[in-house]
Amino acid sequence: MRIYRSEWERRFGKSESPIEAMFLDAFCKLAVDHGYDVAKASKATAWVIRIEPQKWFEQYRVDFLISYPFFGKDLLIVVECDGHQWHEKTKAQAKKDKSRDRALQSIGAKVFRFTGSEINGNPGTCAGEVLDVIETFQTDSVLDAFETAERTAVA
């Protein structure tokens with residue numbers, strides 16, 4: 001039984017596995033280093049990334065549901081941290097995971113599925129991939145808002 005609990009686990013709840021704890025720590029530290037606040041639940045405000053471990057999303061329990069509201073839009077990200085013992089060990093499990101990913105994507109979530117080896121090897125790289133999507137979403141939202149304002153001003 002793992003006793004270690006990081007600052008982030010104390011704030012958001014204990015992770016179910018060491019690789020989940022590693023991802024949570026890496027993601028939260030990176031987000032804060034990039035100027036974001038990280039919260040378990042928040043009002044829809046910019047610069048606050050909501051991260052909810054072991055969250056029910058539709059009919060699926062996901063390792064992490066990350067949401068980011070910005071300019072009236074919400075970005076939803078599902079992160080799955082897959083230890084080899086549970087995922088892609090059999091063809092049936094791989095098929096189930098892929099089907100689940102497609103279902104989550106069809107309801108608007110971006111899905112990241114990291115292997116235990118990836119997270120153990122470099123949790124910061126995994127966290128960076130997710131944060132890159134948030135920052136791209138933010139940039140695209142600002143550009144869309146400017147384009148809309150320009151079209152309105154011209155009309």
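FYI, it's all coordinate maths here, none of it is from the lab. A quick note: this is a predicted structure, and the numbers were derived from the prediction, not measured. Every residue, glycine as well, gets a Cβ built from its backbone with ideal geometry; the counts of neighbours run over all protein chains shown.
Extents of region 100-150, taken as max minus min of Cα coordinates on every principal axis and listed largest first, are 47, 27, 6 Å. Among Y36, Y60, the ranking by other beta carbons within 10 Å of each residue's beta carbon, starting with the fewest, stands as Y60, Y36. Between A21, A127, A94, the residue with the greatest mean-square fluctuation in the GNM of the chain (Cα pairs under 10 Å linked by springs) is A94. Pairs from the table (K55/K95; K55/K91; K40/K95; K40/K91; K29/K95) lying more than 28 angstrom apart at Cα are K40/K95; K40/K91; K29/K95.
Mean separation of Cα pairs under 8 Å and 6 or more residues apart, divided by the residue count, gives region 7-154 a relative contact order of 21 percent. In plain terms, the residue of C126, C28 with the fewest other Cβ atoms within 10 Å comes first and the most crowded comes last, giving C28, C126.
Normalise the Cα radius of gyration of the chain by 2.2 N^0.38 Å (N = residues in it) and let me know the number.
Details: Rg = 16.9 Å, N = 155, 2.2 N^0.38 = 15.0 Å.
Its radius of gyration relative to the 2.2 N^0.38 Å reference: 1.13.
Under 5 Å from the amide H of R113 lie the amide H atoms of E80, each residue being 5 or more positions distant or on a separate chain, with H modelled from the backbone and absent for Pro and chain starts. Once both labels are positioned 7 Å from their Cα atoms along Cα-to-Cβ, the gap between F146 and Q93 label points is 4.7 nm.
Looking at the chain, the DSSP beta bridges with both ends there are about 60 percent antiparallel. Put in line by how crowded their Cβ is, counting other Cβ atoms within 10 Å and starting with the fewest, R11, R113, R102 read R102, R11, R113.
Of the residues E20, E80, E129, the one that moves most in a GNM of the chain with alpha-carbon contacts below 10 Å is E129.
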